[in-house]
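In what follows, a structure is listed as structure tokens, so that the remarks can point back to it.
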Amino acid sequence: MLIACRAMLLIGLRIVKWIRRVKWESQGTSNLEDIQAPIIFASNHQSHVDTHVILDSLPKNIRKQTAVAAAFDHFADSDGTSRKKRCIQFLVAAVWHAFGIERVRSPLTSIRTMQNLLKLGWSIVIYPEGTRSRSGEINEFKAGLALVAKKSGCGVIPVYVNGGMKVLPEATYVPFTGKITISFGKQLHFKEGENNSDFMARVEAEVRSLASKQ
């Protein structure tokens, strides 16, 4: 039932995309050829639409088994959760295989969750800035990604998405007409003797480099 629901929701999103004349252009897709799952996609974050654009741009065999990190404080349920938010939570979980990550307390549980997903063969999309950029500028990347990449041995593909802030600004649910551009970089791995900070700096630099080329 969930699979059927997911398929219907994806069709609905494509219809909305067509009606609202939203377009996106993919660059660097050659870097996705022959990649071996599981893999980590590390992207900047401007808008909630980023997730759909990233997943829709992936090869089908990768996309169907890719999970997306979602902020636990927004994603978690509680007695005070409104009906509207519960509906959004269901859509996020069903369409994008979302899983909660902790932004406030210790990140260890979130890191274990990502490790387990990778062990099960799931690729993951993570936003190392930790939140959406309000200015559109890329914020400093947090270190959790490096821990996951090192322990799992999985490669990291840098991703840069631009245009989402205009298409789906904060606190809006219906997209505006516009174009989004997504760029994929070359896969990165830890170098021998490289520490977590240096690896994260390299991933961030690659994402910034993709931004400068758009």
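Values in this text are rule-based calculations from the coordinates and carry no lab data. Only a predicted model underlies this, so the values are computations on that prediction, with no experimental measurement involved. We place every Cβ from the backbone using ideal geometry, glycine too, and count neighbours over all the protein chains shown.
Worth pointing out:
- Gyration tensor (alpha-carbon) shape descriptor, the stretch 132-214, a/c threshold 1.5: prolate
- Members of Lys23/Lys142; Lys23/Lys64; Lys60/Lys142; Lys150/Lys179 lying beyond 27 Å, as alpha-carbon distances in this model show: Lys23/Lys142; Lys60/Lys142; Lys150/Lys179
- Amide H contacts of Gly178 (H built 1.01 Å from N, under 5 Å, at least 5 apart or other chain): Val22, Lys23
- Computed label-point distance, nm, for sites Arg112 and Lys213 using a 7 Å Cα→Cβ extension: 3.9
- In a fully extended conformation the segment linking Arg83 and Glu33 would gain 13.9 nm over its present Cα-Cα distance, using 0.36 nm per residue.
- Peptides ranked, highest mean first, by Cβ atoms within 10 Å: ranges 198-204, 159-165: 159-165, 198-204
- Extension gain from Ser135 to Glu170, taking 0.36 nm per residue of separation minus the Cα-Cα distance: 11.5 nm
- Multiplying the residue separation of Val16 and His189 by 0.36 nm and removing their Cα-Cα distance gives an extension gain of 58.5 nm.
- When peptides 108-120, 166-178 are ranked by their average number of other Cβ atoms within 10 Å per residue, the highest-first order is 108-120, 166-178.
- Zone residues, the stretch 114-138, relative to Gln65, backbone N less than 19 Å from point 7 Å out along Cα-to-Cβ: 114-126
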